[in-house]
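This report refers to the structure that appears directly beneath it.
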Amino acid sequence: MPKRRVHVAAAAIYNDQGQVLIARRPSIADQGGLWEFPGGKLEVYETGREALKRELKEELGIEIEHAQPLIRVHYEYPDKFILLDVWEVRQFSGEPYGCEGQAVRWVDIDGLSRYPFPPANGPIVKAVGLPHAYVITDEIDDDEAFVSTLTHALENCNGLLVQLRAKSLSAERYLERAHKALELCRAHGARLVLNGAPELLNEVDADGIHLTSKALMSAQERTVPADKWLSASTHNKEQLDQAARLGCDFVTLSPLRDTPSHPDAVTIGWHDFQQMVEYAAMPVFGLGGTTLDDIDQARAVGAQGVASIRSFLPD
Ligand SMILES: Nc1nc2c([nH]c(=O)n2[C@H]2C[C@H](O)[C@@H](COP(=O)(O)OP(=O)(O)OP(=O)(O)O)O2)c(=O)[nH]1
Ligand SMILES: [Mg+2]
């Protein structure tokens, strides 16, 4: 018998303290006893957004006022194929409680990984912990100019994810700059990944490592610890597959648009980008000709957000 296909709408609901609400599945249910993002199956006549609204009313007694797509996860369970259509909800009315007797709990994002979730939930937990705006630093040789440019970016955008990309610096200067960048990011509540070898994390306590697509394709296994991020540059499905094999936490996918920095690369465009995001097994940031003004459009097609080098440069 062919496996059933189940389409589920679920929510990452945030409170004003930035915590996320999780609920415990009843012990007799499928994936029973595990924690989940509240939600449930779509009725045949419903869209994901409609099902989400109904489920959160039924399960938590809240009324959604605004919901934005967060991530869509395809997963094959032994008895079914599941599509988890997950939304970010920050505006709602009512105080959520377990209407069906289930335990519910507000949890700090950093504490989410301590809770046992169903196997399909890995990418959701990653997406919940990631910002939507990602800036990649440009090649700037002068240290003072670098500091003022990064400070400008951090002051203009809350909760940024920053990638320190500085190919032209010597290893020694890269490390010095990484320490400085980390200090600035910490002071502004931003996260930092280093574009380079995983061993850099032994020297600098940044949030993770970003691999070039070349380094991604030649890597045999993940050598970045589980409590740090591993990300990679990707341009096609083969690289997305390798990122999944390696256990990347998220990727950039480029070039989304024509970009002067890579004039010969084949532009992906929004249509194929959407399909590749749907195919990807982890959160995806669109990159290439993008600015942080593209975040809403990227999110509307299922991406985590947008990465940008241009947005890093002063106006
Ligand atoms: N809601 C939710 N379901 C999840 C998550 N992760 C995960 O694998 N699932 C699976 C478990 C179930 O097979 C399916 C969701 O079904 P459900 O039991 O919540 O559906 P429902 O609320 O409509 O309940 P019911 O009326 O069918 O009892 O998706 C998650 O984070 N949230
Ligand atoms: Mg449910």
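The values are calculated or read from the model by the stated rules, or taken from the named source; none is laboratory data. Please read these numbers as outputs of a predicted model, since none were measured by experiment. Here the Cβ is made from the backbone with ideal geometry for all residues, glycine too, and neighbour counts use every protein chain on show.
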Task: Pairs where the first residue, in region 218-230, is modelled with pLDDT under 95 and the second is part of a loop (DSSP other than H, G, I, E, B), C-beta under 7 Å, 6+ apart - done: THR223/PRO198
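Criterion first (touching a strand residue (DSSP E or B) at 6+ places or on another chain (Cβ under 9 Å) and farther than 22 Å from VAL107 by Cβ) does ARG72 satisfy it?
On the way: touching a strand residue (DSSP E or B) at 6+ places or on another chain (Cβ under 9 Å): yes; farther than 22 Å from VAL107 by Cβ: yes.
Yes, satisfied.
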TODO: Sort out which residues of region 138-155 are touching a Leu at 6+ places or on another chain (Cβ under 9 Å) and in a helix (DSSP H, G or I), and write them in order of number.
DONE: VAL147, THR149, LEU150, THR151, ALA153, LEU154
TODO: Select from region 1-58 the residues that are within 13 Å of ligand 2 (Cβ to nearest atom) and aromatic (Phe, Trp, Tyr) and write down the one among them that is farthest from the chain's Cα centre (by Cα).
DONE: TRP35
TODO: Considering only region 85-137, state which residues are more than 16 Å from ligand 1 (Cβ to nearest atom), assigned to a loop (DSSP other than H, G, I, E, B) and surrounded by 15 or more Cβ atoms within 10 Å (Cβ to Cβ).
DONE: LEU130, PRO131, HIS132, THR137
Open item on the list: Please go through region 57-84 and give me each residue that is over 28 Å from PHE250 (Cα atoms), within 13 Å of ligand 1 (Cβ to nearest atom) and surrounded by 14 or more Cβ atoms within 10 Å (Cβ to Cβ), ordered by number.
Closed with: LYS57, GLU59, LEU60
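Looking at region 160-213 only, could you name the residues that are part of a loop (DSSP other than H, G, I, E, B), of a type in the set (Ser, Thr, Tyr) and under 24 Å from the mean Cα position of the chain (by Cα)? It would help to see each step written out before you state the result.
Step one: filter region 160-213 for residues part of a loop (DSSP other than H, G, I, E, B), giving 160, 165-170, 188-190, 196-199, 204-207, 212.
Among the residues that remain, those that are also of a type in the set (Ser, Thr, Tyr) are: 168, 170, 212.
Listed by number, the list holds a single entry, THR212.
Give THR259, THR252, THR290 a once-over and let me know the one that is assigned by TED's automatic domain parsing to the domain that holds ARG191, among the polar types (S, T, N, Q), part of a loop (DSSP other than H, G, I, E, B) and under 21 Å from ALA127 (Cβ atoms).
Values: THR259 fails: under 21 Å from ALA127 (Cβ atoms); THR252 fails: part of a loop (DSSP other than H, G, I, E, B).
Only one candidate qualifies: THR290.
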- [ ] Return a yes/no flag: does region 20-39 have any residue that is more than 10 Å from ligand 1 (Cβ to nearest atom), modelled with pLDDT of 95 or more and within 23 Å of ALA281 (Cβ to Cβ).
- [x] yes
TODO: Would you point out which residue out of VAL306, VAL284 is crowded, with 24+ Cβ neighbours inside 10 Å, under 24 Å from PRO119 (Cβ atoms) and of a type in the set (Val, Ile, Thr)?
DONE: VAL284
Open item on the list: I'd like to verify a number: residues in region 233-249 that are over 14 Å from VAL277 (Cα atoms) and assigned to a helix (DSSP H, G or I), how many?
Closed with: 3
